[in-house]
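One structure is given below, encoded as structure tokens.
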Amino acid sequence: MASAPKRRKAAAGSSARGKGSADPLSGFLAWCGRAGVELSPKVRLSREGAVAGYGMLAAEELEAGEVLCTVPRSALLSQHTCSIQALLREGQEALQSQSGWVPLLLALLHEYTASNSPWQPYFSLWQDFRSLDHPMFWPKEERTRLLRGTGIPEAVDKDLANIHLEYSSIILPFMESHPNIFDPKRHTLELYKELVAFVMAYSFQEPLEEEDEDEKGPNPPMMVPVADILNHVANHNANLEYSPQCLRMVTTQAVTKGQEIFNTYGQMANWQLLHMYGFAEPYPGNTNDTADIQMVTVRKAALQRARSEAQQQLVSEQWDFLCQLEMVGEEGAFVLGWDEVLTEEELSVTLKVLCMSEEEFKEYKEQDGWEDDSEEEENSVLSNESLSRLKTPCKKLLYDSVLLTLESYGSDLKAEQDLLNNKEIYEKLSRREQQALHVRYGQKRILHQLLELVH
């Protein structure tokens, strides 16, 4: 069994990007001093002892609540701090996009390729971005073969379509109207794609104030030097705190000397980690792991057990009604965690409706999906314990849906277990094969656990 989570930043620090200091870390630390970034004397940045690429390690014992680094807002790299900030502000109407990332990506395109950019020591930590190993850089055949059933190939297809669309419809016209700053021969689609992966893996988005949550969309992403060097595990020991003047990385628990300090990128399942960051946590490290059952898979299971045309017609009507209630959709998924269903209302209502007789369904529809039994509704959290108490038809439908989901992988749990248990064979796998294995294995463990609960 592999022990440490591998982070995708293995490219970091291979060498300065064709110029500057031969030791990119000392050049970067000097830049930090000039930029007003304060690093605690109790920590060090190093490739030695980190799980992947650079990491932050405790040089002394640390207590909970200690500030590890302070980054003034002037040292953040964003659309508001880059050398073309006025240009980006001027063009902000034309730069709106679905992702909201375009202004930062234009800032990065410019700063990364400008030889006089003040951010060069920061960029030198990444020799180039071609070593990013997100699944969107894998050949399509390899991505499909290794990640079938995990949800990643579909997410990558959407990303690539959006990247091509943004580049051709927003980035190119903007570059063509500013030829003194941008050159499409240099600022290519390929470089743009690499920078999207860089933003995916390393940027931070400042949380909105509670009163703004309903009013505004999310804050745009930004690069936070030093903070972005920390690796991630679910059981982290530091997190980033935001204040008007600066951002601080602070310990959340005591850390022993020599131990690596880990940030959290949020409660992320392994498929999200591999898709967005290029790595997955080996089992059983990721307590936030999830597995999906596609909503249409539950419909398929319900149709398969409908023996007559009338029953099939009933299932179709029930599904349409669930769509009207916005409980299901053609592209949605029910999300299962280790201890409970994270989409409990959607799944419990869907199972209940698809298991109704014609009479029950007619009555339910007349009430517009409302029921008098509010006590039952209040206790609708689908914990593992309550799943085992579902009514028999609901259990059977869920069981059949899990079996259909497991069929979509193309490899079974036992084969993966054998791979993980055989250290010699596991170590001969490519890095991509190992990461994909961690994603598939965690998802299948959750699905098999559910099978046992509803059997």
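Observations
- Dipole of the chain [Lys/Arg +1, Asp/Glu -1 at C-beta], most positive-end residue of Leu57, Gly151, Ser357: Leu57
- Karplus-based coupling profile of region 25-33, in residue order and whole Hz: 5, 5, x, 5, 5, 5, 4, 4, x, with θ = phi - 60° in 6.51 cos²θ - 1.76 cosθ + 1.60 and x standing for Gly or Pro.
- Atom-type composition of the exposed protein surface of the chain places 48 percent of the accessible area on carbon and sulfur (1.4 angstrom probe).
- Candidates per trypsin sites (Lys or Arg not before Pro) in region 251-316, loop by DSSP, up to 14 other Cβ within 10 Å: Lys257, Arg307
- Between region 199-278 and region 325-363, the alpha-carbon centres lie 33 Å apart.
- Per residue, the chain exposes an accessible area of 48 Å² to a 1.4 Å probe, with every protein chain left in place.
- Ranked by the mean number of other Cβ atoms within 10 Å of their residues, highest first, the peptides 219-227, 353-361 fall in the order 219-227, 353-361.
- Gyration tensor (alpha-carbon) shape descriptor, region 68-214, a/c threshold 1.5: rounded
- Inter-part distance where region 96-133 and region 16-86 are each reduced to a Cα centre, Å: 17 Å
- Based on C-alpha pairs under 8 angstrom that are at least 6 apart in sequence, the chain has a relative contact order of 19 percent.
- Across region 345-362, computed HN-Hα scalar couplings (Karplus, 6.51 cos²θ - 1.76 cosθ + 1.60, θ = phi - 60°) run 5, 4, 5, 5, 5, 4, 4, 5, 5, 6, 9, 7, 6, 4, 5, 4, 5, 4 Hz from first to last residue, x flagging Gly and Pro.
- Environment charge at Ser40 (Cβ cut-off 11 Å; Lys +1, Arg +1, Asp -1, Glu -1): 0
The values are calculated or read from the model by the stated rules, or taken from the named source; none is laboratory data. Since the structure is predicted, the reported quantities are computational estimates derived from the model, not experimental observations. We place every Cβ from the backbone using ideal geometry, glycine too, and count neighbours over all the protein chains shown. Areas reflect the complete protein model, heavy atoms only, side chains present, ligands, DNA and RNA absent. Shrake-Rupley method; radii C 1.70, N 1.55, O 1.52, S 1.80 Å.
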